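What follows is a single structure, written as structure tokens, with notes after it.
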Amino acid sequence: MEAARALLIEAGPQAVTLKAVASRIDRTHANLLHHFGSAAGLQKALAAHLAETITARIGETVDAARRGEVGPRAIVDMTFDAFDAQGAGALASWMLASGNEDALDPVVEAIHRLVDRLAGSALSANLAGLIRENTLMLVLLALGDSQLGGPMAAAIGLPRAKAREIATRSLSFALMQEAATIAEQAKV
């Protein structure tokens with residue numbers, strides 16, 4: 001998976017082929033074909049690997065933000081970087097464009113598990129709803145930014161980091177509401 005991930009980051013999703021990964025790890029194309037079944041199978045496994053590692057790190061960062069150890073921008077940057085610099089946005093778009101939509105199931109499932117964990121620890125249904133809404137906003141903003149953020153920001157005269165700033169404002173508001181609810185519960 002690390003060889004496939006390196007290819008993804010270096011050359012894009014079209015470079016993540018059985019032959020290219022096999023070459024990187026000194027195996028044969030047949031070895032990887034036997035293991036993954038196809039390039040689409042390899043890409044699905046890569047998507048699952050990325051989703052698991054990224055959502056675990058984001059979950060840890062959210063927990064740290066709840067404890068006041070990091071700010072909301074750390075969560076935003078981690079999410080945006082996963083979609084941009086780490087190639088998750090390009091891989092997702094590539095799989096959708098090539099008709100390999102079911103390969104995104106592990107990604108959606110990993111995000112769903114993370115959101116269920118985070119929302120499950122919320123003190124109210126309203127806070128759980130905010131967690132779900134902010135996750136949707138953050139994922140869609142990060143995915144869109146990874147694909148079109150630079151050209152769009154330039155076209156409308158905004159700084160490249162504007163989408164991250166917008167996401168940070170929204171997430172900061174949600175975390176403040178959560179903290180206020182916790183403080184209110186502590187009084188009761």
- Task: Collect the residues in region 26-43 that are part of a loop (DSSP other than H, G, I, E, B) and surrounded by 12 or more Cβ atoms within 10 Å (Cβ to Cβ), keeping them in residue-number order.
- Result: 27, 28, 37, 38
- Can you tell which of 54, 25 is of a type in the set (A, V, I, L, M, F, W, C) and over 19 Å from residue 167 (Cβ atoms)? 25
- Give me a count of the residues in region 141-163 that are over 14 Å from residue 79 (Cα atoms) and among the acidic types (Asp, Glu). 0
- Note on the structure: Reported set for region 56-95 where residues are of a type in the set (S, T, N, Q) and either outside any loop (DSSP other than H, G, I, E, B) or in contact with a Ser or Thr (Cβ under 9 Å, 6 or more places away or on another chain) (or both) is 61, 79, 93
- For region 63-73, indicate whether the set of residues that are closer than 16 Å to residue 1 by Cα, aliphatic (A, V, I, L, M) and either modelled with pLDDT of 85 or more or surrounded by 13 or more Cβ atoms within 10 Å (Cβ to Cβ) (or both) is non-empty. no
- When you look at residue 116, is it part of a helix (DSSP H, G or I), of a type outside the set (A, V, I, L, M, F, W, C), within 20 Å of the chain's Cα centre (by Cα) and at pLDDT 90 or above, yes or no? yes
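The values are calculated or read from the model by the stated rules, or taken from the named source; none is laboratory data. For clarity, every value in this text was computed on a predicted model and none was experimentally measured. Because the Cβ atoms are built from the backbone with ideal geometry, glycine has one as well, and the counts that use them run over all protein chains shown.
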